[in-house]
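Novice: Quick one: the structure is below, questions incoming.
The values are calculated or read from the model by the stated rules, or taken from the named source; none is laboratory data. These numbers come from a predicted model, not from an experiment. Cβ: placed from backbone, ideal geometry, glycine included. Neighbour counts: every protein chain shown. Note: areas computed on protein heavy atoms with side chains; ligands, DNA, RNA excluded. Shrake-Rupley method; radii C 1.70, N 1.55, O 1.52, S 1.80 Å.
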Amino acid sequence: MEDGIPAATPHWQDLDDATLLAHLRTALRAHEECPAEMVQVAKASFILHDLDTALAALVADSLTAAAGPRTRSAAAPRLLTFRAEDLDIELELMPTPDGWRMIGQLSPAEPVRIQLRRPPGNPAAGRPPEGSDPAADGVDADAYGRFALDAGAAGPVSLIIRRPRRRPLATSWVLLG
């Protein structure tokens with residue numbers, strides 16, 4: 001008997017509670033710990049700026065598309081589509097020498113403010129694109145629903161879409177890098 005676990009393992013229904021728990025502890029210890037980035041994302045998912053924020057779910061991701069063998073280069077942009085209520089958010093993520101660049105399109109186009117969100121305590125922060133007001137908190141979509149921002153370093157990110165006279169939307173978390 002090692003660590004309170006008998007050498008021959010009977011059917012789980014025949015085990016007493018203490019022995020069953022010992023088996024479970026051993027099985028759980030055998031697996032790796034959850035990556036720190038995933039712990040950050042999980043914690044951040046419980047903390048929204050507004051409790052009234054609606055979630056825009058990820059409905060398409062070019063990294064997980066089941067289109068057979070990958071023929072794209074590693075430098076190819078990642079394409080994402082989020083959907084919430086009556087708004088689709090299409091994103092193109094591209095690596096740059098300074099981090100990541102996000103180019104987006106809203107459908108239907110509407111006047112919105114887009115803010116980049118990082119998990120609490122994450123030093124990486126999004127920056128507005130060159131030529132825009134660096135002191136601004138986020139970027140505005142143009143009349144066609146287009147926007148761009150520099151997302152900074154790799155790591156988990158989410159977007160907050162603030163619409164006039166409507167509740168904000170938050171995209172689900174995406175891992176850059």
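Novice: Between Arg166 and Met94, what is 0.36 nm times their sequence separation minus the Cα-Cα distance? Round to one decimal in nm.
Specialist: Net length gain for the segment: 22.9 nm.
Novice: Sorted by accessible area (1.4 Å probe), largest first, how do Arg118, Arg25 line up?
Specialist: Numbers: Arg118 30, Arg25 120 Å².
Ranking Arg118, Arg25 by accessible area, largest first, yields Arg25, Arg118.
Novice: Give me the one-decimal nm value for the distance between modelled label points at Leu175 and Ser107, 7 Å along each residue's Cα-to-Cβ direction.
Specialist: Output for this residue pair reads 2.8 nm.
Novice: Still on this model: What is the spin-label model distance, in nm, from Leu24 to Glu37 if the labels are put 7 Å beyond Cα along the C-beta direction?
Specialist: According to this spin-label approximation, the distance is 3.1 nm.
Novice: Sticking with this one: Top to bottom by accessible area (1.4 Å), largest first, where do Ser62, Ser107 land?
Specialist: Listed by decreasing accessible area, they come as Ser107, Ser62.
Novice: Counting only the heavy atoms of the protein chains, how much of Leu175 is accessible to a 1.4 Å probe, in Å² to the nearest 10?
Specialist: 60 Å²
Novice: Can you send over the solvent-accessible area of Met38, 1.4 Å probe, protein chains only, in Å² to the nearest 10?
Specialist: About 90 Å², rounded to the nearest 10.
Novice: Sticking with this structure for a sec: What are the residues whose amide H is under 5 Å from the amide H of Asp140, where those residues sit 5 or more places off or on another chain and H is modelled from the backbone?
Specialist: Under 5 Å from the amide H of Asp140: Ile114.
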